[in-house]
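The values are calculated or read from the model by the stated rules, or taken from the named source; none is laboratory data. Treat the numbers as computed from the prediction; the structure is a model and nothing was measured. Positions of Cβ are backbone-derived with ideal geometry, glycine not excepted, and every protein chain shown enters the neighbour counts.
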């Protein structure tokens, strides 16, 4: 059975191009995730990995739609190989049924990861420039008017830190950072 996997990064993006490719290739079952590919914790990816059986072929439009780093890519392909499932990436013309395809998979996976790192680096550089120009100031802190009274209750040992965090709907790192800032 030919099984397709489609991923887009945001809900605003369109799966049509990838879906047309899957139809043209006669793919019988398609799994679609609408989320970042930064890791393999994607519901439809997990479902697809559980669904495929020996003799199946997983088809993706490109490696970047399947995995964002070489480690994840190679681990996913290894899981497929262990199950007797082949992997095909159309854009890069990779087919794991051949030794050359396996080699090319590793090379293209590394290139995709490198490109992702370049994107993150350019993003960080752009933010740094925007900050130096006073344009980007980061996320505004959430002001909780009940913060100081709750902290006073906590400091006087009338409530626990966990209770204070629940009342304020804060994670521990945020709570303790804000408490430290209060002392300054």
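Here are some notes:
- Filtering the stretch 79-123 to residues that are part of a loop (DSSP other than H, G, I, E, B) and either at pLDDT 85 or above or surrounded by fewer than 18 Cβ atoms within 10 Å (Cβ to Cβ) (or both) leaves 83, 84, 85, 90, 91, 93, 97, 98.
- The stretch 1-14: number of residues that are assigned to a loop (DSSP other than H, G, I, E, B) and at pLDDT 90 or above: 1
- Residue within the stretch 14-33 that is loosely packed, with under 15 Cβ neighbours inside 10 Å, over 15 Å from residue 1 (Cα atoms), touching a residue at least 24 places away in the same chain (Cβ under 8 Å) and more than 19 Å from the chain's Cα centre (by Cα) present: yes
- Some residue of the stretch 62-70 being modelled with pLDDT under 95, more than 19 Å from residue 92 (Cβ to Cβ), part of a loop (DSSP other than H, G, I, E, B) and in the same structural domain as residue 91 (by TED's automatic domain parsing): no
- Among the residues listed as 41, 33, the single one being assigned to a strand (DSSP E or B) and modelled with pLDDT under 95: 33
- Of all residues in the stretch 49-61, those satisfying the criterion of being assigned to a loop (DSSP other than H, G, I, E, B) and either touching a residue at least 40 places away in the same chain (Cβ under 8 Å) or in contact with a strand residue (DSSP E or B) (Cβ under 8 Å, 6 or more places away or on another chain) (or both) are 52, 53, 55, 56, 61.
- The residue pairs whose first member lies in the stretch 124-147 and is touching a residue at least 24 places away in the same chain (Cβ under 8 Å), whose second member is surrounded by 10 or more Cβ atoms within 10 Å (Cβ to Cβ) and in a helix (DSSP H, G or I), and whose beta carbons are closer than 6 Å, counting only pairs six or more residues apart or on different chains, are 144/168.
- Scanning the stretch 161-184 for residues that are modelled with pLDDT of 90 or more and more than 35 Å from the chain's Cα centre (by Cα) yields nothing.
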